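Participant: What follows is a structure written as structure tokens; I'll ask about it next.
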Amino acid sequence: MQARRTEPFRSENLPQTDQLSPASPLAADAVEAGRSPALAGIHRLVWTAWGALVLLVSMMHGFRYTDYVGRDNDDVMRLVQVRDLLAGQGWFDLVQHRLGLAEGTPMHWSRLIDLPIANLVMLFSQVADQPFAEAAALFVWPLVTVIPLFYALAVGGAALGGRMAAIMALVAGCLFVLSINRFAPGSVDHHNVQLAVMATIAACFLVPGRSPRAYALAGFASALAIAIGAETTPHVAVACAIVALQWVWHGEEMRRAASAFAFSMAAALTAFFYLTVPPQAYAQVACDALSTGFYTLGVFGAGTLFLAVALVSGRGRAVRFGATAMVGVSTGLLALLVAPQCLGSPLADLDPLIVSMWLNSVTEAQSVLAEFRIEPWVAGGFYAVPLIAMPLCVLRIRQGRMREAHLVLLALIAVSYAIALIQVRGSVFSNLLSVLPLAALVAELRVRANADPKNTAKGLAFAAAALASIPFIWALAGAGAEAAYNFATGSEVKNRLATATNEPVCTDAKAMQWLAREPAGVVAGPSNLGAHILRFTSHRALSAPYHRNQGGMLTELHIGMSEPVDAQKFLRGAGVTLIAFCKSDPQVDNISDVAPRGLYAELGRGRIPDFLALVPESANAAMQVYRVLP
């Protein structure tokens, strides 16, 4: 089947100003550069959008910084890991030695994210002190990760709908970046990189002509996604299936692209495995990080696909389908042999107490049903936009308009949406990928509206599509609807911002100052404080919200829930020397309700058992510090 030429629109009535005719300057530039006209002029668009974003972010955040680290616990923990790496902790030593019980907690995060942040800190430390160097690095890094994201959106938009669609994709991308905390200054967790990687994979599949270079980049990005974190494994599996099915359909025409994808993925995954996995862990299977399980399956699957492409590309579709089925079945059987435990959730082995007292309260881990039950008005911001994008893809497929490109997008958005239905964290991927088909639609409607400016209906259709493509608009509309409902029914209006502002903060340097002055020891406190304790003090924190720290989390929960006489035994057994008590912490409140006679409940009433001594200076602080007496 011959590759379909990329044409943004088919209507003869549309003006040609937003399409790239062979005589247009952008098309001429593309021909000279050996690129498709649909992708011409991308660099200027991307860097203009990125420059505007940097200016906006600087104006929004530069003059109201209260802390240069993101609000998420993971941002704080990433900074702690970077500090440890710069302080001399070994590259292959992935244990957070100051977290959990005496043996520490092996982290499942990749050094591939630690390294560039550490390099930025080192760079800025040449001209500034450590706090400023960290602040500068944590400001710059999230903005750097936006660059590949913008390139992916621009390339994908241009491939679907020409230059105007690329512009619309970048506008939507800017609003997407500004409306979520993944790319805000201080957000140094790996989620921003994962979003950029997944957008890159999607864009590479949309590049006209199925370029081997683009598919090689997609293979590299797929390996990088696995190396960074296991959350995107379903996306990578779908990406591999897309390449395999494209090869089944196109055969010899797809040989070079499929081979490039498979070889690049296997080679990159091999490099990442040996660069980041400690030699002593080569035989271990971990379901939440790159390990011999993901490495073996990834290399085997990519390798067997590469062999199939090399051997039977010239044969009929039935033969190619049979070869692909053999690749899939053999990879599945290998998964049952090598890592059967990884076919379920990596959190399946969590202790029930941790699930009930921690995981069930994690916002991003909630299902769609829980989200609608807890905050129904803002759920549209998570789930509405993909429900427009997926039917749009189906419509384009039925119309025969860039059918294969929309099939690819439909598959990638659908897997993200399926994840979002189970855990709301997946919605950020489905919202991002929905930008591409919706940008092409908005661009088309804009052209139609401009061609007939007196037609109000066309103008309204363009405006409505543009607004409906932005997740933040749905969330804002939901908040407005909630306020209107509360006003109409006389219900008490919830002011979340005021509530959050009035609550005592236990996680900043001021709240931690009295704890930091105590001799280095072991601190028991609610898990939300753990990463901040590691950041601001030299203590070891017993608990922090990471599933690999089950021992420390369970011990802390038992300390808070047990009556004082029994809590003392847990404190002694874990070698705890200090207790950090934050009455406003949600987990403390939850524990006090569940165990009204427990230690946390008693401390909340001001009843201090005789084996604890309050640090006097912290008596009126947001967080009280108690010494565990010998």
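The values are calculated or read from the model by the stated rules, or taken from the named source; none is laboratory data. As the structure is a computational prediction, the values presented were derived from the model and not from experiment. Glycine also receives a Cβ, built like all others from the backbone with ideal geometry; neighbour counts cover every protein chain displayed. Keep in mind that these areas ignore ligands, DNA and RNA; they rest on the heavy atoms of the full protein, side chains included. Shrake-Rupley method; radii C 1.70, N 1.55, O 1.52, S 1.80 Å.
Participant: Quick test for you: out of G156, G104, pick the one residue that is of a type in the set (G, A, S) and in contact (Cβ under 8 Å) with a residue 60 or more places away in the chain.
Facilitator: When all the criteria are applied, what remains is G156.
Participant: Contact list please: Cβ distance under 6 Å, first residue in the stretch 352-376 and over 23 Å from G551 (Cα atoms), second residue open to solvent by 90 Å² or more (accessible area, probe 1.4 Å), pairs at least six apart or on different chains.
Facilitator: Between residues of the stretch 352-376 that are over 23 Å from G551 (Cα atoms) and residues that are open to solvent by 90 Å² or more (accessible area, probe 1.4 Å), the close pairs are S367/I422.
Participant: Same structure, new question: Name the single residue that is farthest from A159 (Cα to Cα) among those in the stretch 207-225 being open to solvent by less than 10 Å² (accessible area, probe 1.4 Å) and over 12 Å from the mean Cα position of the chain (by Cα).
Facilitator: Ranking the qualifying residues of the stretch 207-225, first place goes to A223.
Participant: Separate question: From the residues in the stretch 184-206 that are more than 10 Å from the chain's Cα centre (by Cα) and outside any helix (DSSP H, G or I), which one is surrounded by the most Cβ atoms within 10 Å (Cβ to Cβ)?
Facilitator: V188
Participant: If you check R597, R540, which single one turns out to be more than 30 Å from the chain's Cα centre (by Cα) and touching a residue at least 24 places away in the same chain (Cβ under 8 Å)?
Facilitator: R597
Participant: Taking A128, is it among the aliphatic types (A, V, I, L, M), surrounded by fewer than 24 Cβ atoms within 10 Å (Cβ to Cβ) and in a loop (DSSP other than H, G, I, E, B)?
Facilitator: Answer is yes for this residue.
Participant: Is it the case that some residue within the stretch 46-67 is surrounded by fewer than 21 Cβ atoms within 10 Å (Cβ to Cβ), of a type in the set (D, E, K, R) and either closer than 30 Å to V207 by Cα or under 24 Å from the mean Cα position of the chain (by Cα) (or both)?
Facilitator: yes
Participant: If S264 satisfies every condition in (1) touching a Lys or Arg at 6+ places or on another chain (Cβ under 8 Å); (2) in contact (Cβ under 8 Å) with a residue 12 or more places away in the chain but one, which is the exception?
Facilitator: That leaves (1) as the condition not met.
Participant: From the list A283, A266, A289, which residue is surrounded by 18 or more Cβ atoms within 10 Å (Cβ to Cβ) and outside any helix (DSSP H, G or I)?
Facilitator: Residue meeting the stated conditions: A289.
Participant: Can you pull out the residues in the stretch 245-260 that are open to solvent by 70 Å² or more (accessible area, probe 1.4 Å) and either basic (K, R) or touching a Pro at 6+ places or on another chain (Cβ under 8 Å) (or both)?
Facilitator: Those that are open to solvent by 70 Å² or more (accessible area, probe 1.4 Å) and either basic (K, R) or touching a Pro at 6+ places or on another chain (Cβ under 8 Å) (or both): R255, R256.
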